[in-house]
Amino acid sequence: KQLYYDMLERTQRGNLDVTEWIVWFLQCYERAALHTLDVIAEVQRANAIFTYAAKQGLNERQRLVLRIFLDRYDGRLNPAKYAQMTDKSVDTAQRDLADLVAKGVLVRTGATSNVSYDLSPAIPVPTRITERPNTAVWPVEADQTVRRTKRP
């Protein structure tokens, strides 16, 4: 918010050329649009995973953990964490996780005491809507101004 007021203040002084403000505003708009595309891609990914998982016949505990896992879960999913999320025993967690692996929803990594689970790369998920450009869409130098022409 402060950047907005600073930019507005800077463009209101001097020759009243608003080009710098318009460029700044369009760059903000570009960042917001790219963020929106990222959110849409995340929602589409989660939807594709849930659609695939629903066809596999998951129980309520498995759906709950999958929802938590897709909601930006940090860390590794293991039987102890699964048991904690569902308020069930570690044995039940291990059975549920083995079932999710068998159904192709999760893959198991690690061995015995260091086992963890991640989403299966075999689940068909949509690719990203668009790639971010390497440069700004509105590259304008600070001293660049829009050439005004007189109207007839």
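Pick out the one residue from 95, 61 that is of a type outside the set (Val, Ile, Thr), at pLDDT 85 or above and buried (at least 17 other Cβ atoms within 10 Å of the Cβ).
61
Let's see how each residue does on (1) among the hydrophobic types (A, V, I, L, M, F, W, C); (2) open to solvent by 50 Å² or more (accessible area, probe 1.4 Å); (3) in contact (Cβ under 8 Å) with a residue 12 or more places away in the chain:
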residue	(1), (2), (3)
23	yes, no, yes
29	no, yes, no
35	no, yes, no
40	yes, yes, yes
44	no, yes, yes
47	no, yes, no
52	no, yes, yes
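It is to be established whether one or more residues within the range 67-83 are more than 30 Å from residue 22 (Cβ to Cβ), among the β-branched types (Val, Ile, Thr) and at pLDDT 90 or above.
Checked the range 67-83: no residue is more than 30 Å from residue 22 (Cβ to Cβ), among the β-branched types (Val, Ile, Thr) and at pLDDT 90 or above.
The values are calculated or read from the model by the stated rules, or taken from the named source; none is laboratory data. Please read all numbers here as calculations on a predicted model, not as lab measurements. Positions of Cβ are generated from backbone atoms using ideal geometry, with glycine treated the same way; all protein chains shown enter the neighbour counts. We work out accessible area using only protein heavy atoms, side chains counted, and drop any ligands, DNA or RNA first. Shrake-Rupley method; radii C 1.70, N 1.55, O 1.52, S 1.80 Å.
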